[in-house]
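Student: Can you keep this structure in mind? I'll have questions shortly.
The values are calculated or read from the model by the stated rules, or taken from the named source; none is laboratory data. Worth saying up front: this structure is predicted, and the values here are computed from it rather than measured. No Cβ is skipped: glycine too gets one built from the backbone with ideal geometry, and neighbour counts run over all protein chains shown. Ligands, DNA and RNA are excluded from the accessible area calculation, which covers all protein heavy atoms including side chains. Shrake-Rupley method; radii C 1.70, N 1.55, O 1.52, S 1.80 Å.
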Amino acid sequence: MNGKIFALKNLAIISVSVILMLVTGCKNLPTGPVGVQSSSTQQAMLKAVEGDSAISSFDYNYNEESAMNLIGKTTTAIYPLRVGQKMRVVSTDFTYSMSGDTAYGTYTRTFEGVLYIAASYDSTTHTHDTTIQKPFTAVITRKVVLLKKNNNPLDSVNFDWKVIAVSLPEGGTLNSNVYITQMTINMPNGDILIINDPNDYYLALGQGRWKQVPHFKSGQKVTIQLSVTSAYADTDFVTLTHGADMQGLHREKIKFNLISSTQNGNTYAKVYQQTFVTHTWPGYFHAVINVFPKQVIFDDSTPVESNTWGVPYYVRK
């Protein structure tokens, strides 16, 4: 009898620990002690990470495939008409540490990209007469928390892992002189999410009341405000790409509006804002924000500098 009571107490402790982790999903999650990493376990975890739609939906909005029309675009002296980036994963790195049945992973991918700018040199007609292509390399990192579902200690190869929490993705080019410092998301229900460090801001996944990935109805308006630090006085080129499903369909791109700009020594503190409307199709999606200095888009020879943040969300019917 004492053995049964002891087992039940252990089970209760484990259950409470998992629930507490989900409840505090948006807070900093601890990193477990680093243990010996098994290549087979690593492969199983990576398979779970790459198969999770809350994570993989980032790609379909980060990779815009070609130059895209911009909602709310404005013409300038150099007349870019459409802007988009085509991204290709060239390397993936996944490391993890273990604490009991829970794994804490870092998921890093390197992309080779081409920035496409469909533009006009004609100041009178603004007709498309050139497409500028700028190659660049970007690195995107996010953290993940996984729970081991197969508790058979003899089966070290085929552990069934489930992603239970994800951080927000963040990255860009290594040479960027413009970067996001804060993202504020005004939810339709009045809640406000404030993110200062994407890789340290976790959203819990799973069923029930503890699900913390933002959930929206189709056709809802979501307002995002960004704080950006830039080395340049000009208005940066800041866009939000969203809505693409796992086939890359329904992708939409919208340009942020500059709200304010204040010089702080050699840099400028800027605030941008935009509202997007969720599509009618249900499922997991990503809102991906890209920030480029103005001259990257409006000059045909300036190399690419960029900073990227993203946030997963779910659309329900």
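Student: Filter segment 245-282 for residues that are open to solvent by 50 Å² or more (accessible area, probe 1.4 Å), not in a strand (DSSP E or B) and not small (Gly, Ala, Ser) and give the result.
Tutor: Selection gives MET246, GLN247, LEU249, HIS250, ASN266, THR280, TRP281, PRO282.
Student: Okay, next question. Given the condition farther than 20 Å from PHE58 by Cα and in contact with a Lys or Arg (Cβ under 6 Å, 6 or more places away or on another chain), answer yes or no: does some residue in segment 261-276 qualify?
Tutor: yes
Student: A further question follows. What number of residues in segment 250-268 are of a type in the set (A, V, I, L, M, F, W, C) and under 18 Å from the mean Cα position of the chain (by Cα)?
Tutor: Let us first name the residues in segment 250-268 that are of a type in the set (A, V, I, L, M, F, W, C), namely 254, 256, 258-259.
Those left that are additionally under 18 Å from the mean Cα position of the chain (by Cα): 254, 256.
Within segment 250-268, residues that are of a type in the set (A, V, I, L, M, F, W, C) and under 18 Å from the mean Cα position of the chain (by Cα) number 2.
Student: I would also like to ask the following. Being without any contact (Cβ under 8 Å) to a residue 24 or more places away in the chain and more than 30 Å from VAL145 (Cβ to Cβ), is that true of even one residue in segment 225-234? Let's see the steps before the verdict.
Tutor: Initially, segment 225-234 is screened for residues without any contact (Cβ under 8 Å) to a residue 24 or more places away in the chain, giving none.
Within segment 225-234 (the criterion being without any contact (Cβ under 8 Å) to a residue 24 or more places away in the chain and more than 30 Å from VAL145 (Cβ to Cβ)), the answer is no, since none of the residues qualifies.
Student: When you check TYR232 against the structure, is it open to solvent by 10 Å² or more (accessible area, probe 1.4 Å) and in contact with a Cys (Cβ under 7 Å, 6 or more places away or on another chain), yes or no? Break it down into steps so the answer makes sense when it comes.
Tutor: Numbers: open to solvent by 10 Å² or more (accessible area, probe 1.4 Å): yes; in contact with a Cys (Cβ under 7 Å, 6 or more places away or on another chain): no.
Criteria not met by TYR232.
Student: I'm trying to understand the selection: among the residues of segment 202-238, which are closer than 21 Å to THR141 by Cα and at pLDDT below 95?
Tutor: TYR202, LEU203, ALA204, LEU205, GLN212, VAL213, PRO214
Student: Restricting attention to segment 193-203, does a residue exist that is part of a strand (DSSP E or B), at negative phi and touching a helix residue (DSSP H, G or I) at 6+ places or on another chain (Cβ under 7 Å)?
Tutor: no
Student: Those residues that are among the basic types (Lys, Arg) and more than 21 Å from GLY219 (Cβ to Cβ), I need them from segment 283-317; list them, please. Let's see the steps before the verdict.
Tutor: Initial filter on segment 283-317 (among the basic types (Lys, Arg)): 294, 316-317.
Correct list: LYS294 only.
Student: Moving on. List the number of the failed condition for THR262; all other conditions in (1) under 25 Å from ILE140 (Cα atoms); (2) in contact with a strand residue (DSSP E or B) (Cβ under 7 Å, 6 or more places away or on another chain) hold.
Tutor: Among (1) under 25 Å from ILE140 (Cα atoms); (2) in contact with a strand residue (DSSP E or B) (Cβ under 7 Å, 6 or more places away or on another chain), the lone unmet condition for THR262 is (1).
Student: Still on this structure, please answer the following. Please go through segment 174-198 and pick out each residue that is modelled with pLDDT of 95 or more, crowded, with 19+ Cβ neighbours inside 10 Å and over 14 Å from the mean Cα position of the chain (by Cα).
Tutor: Answer for segment 174-198, where residues must be modelled with pLDDT of 95 or more, crowded, with 19+ Cβ neighbours inside 10 Å and over 14 Å from the mean Cα position of the chain (by Cα): just VAL178.
Student: Kindly establish whether TYR201 is aromatic (Phe, Trp, Tyr), open to solvent by 10 Å² or more (accessible area, probe 1.4 Å) and under 24 Å from ASP52 (Cβ atoms). Give the steps one after another, and end with the answer.
Tutor: Values: aromatic (Phe, Trp, Tyr): yes; open to solvent by 10 Å² or more (accessible area, probe 1.4 Å): yes; under 24 Å from ASP52 (Cβ atoms): yes.
For TYR201, the condition - aromatic (Phe, Trp, Tyr), open to solvent by 10 Å² or more (accessible area, probe 1.4 Å) and under 24 Å from ASP52 (Cβ atoms) - is met.
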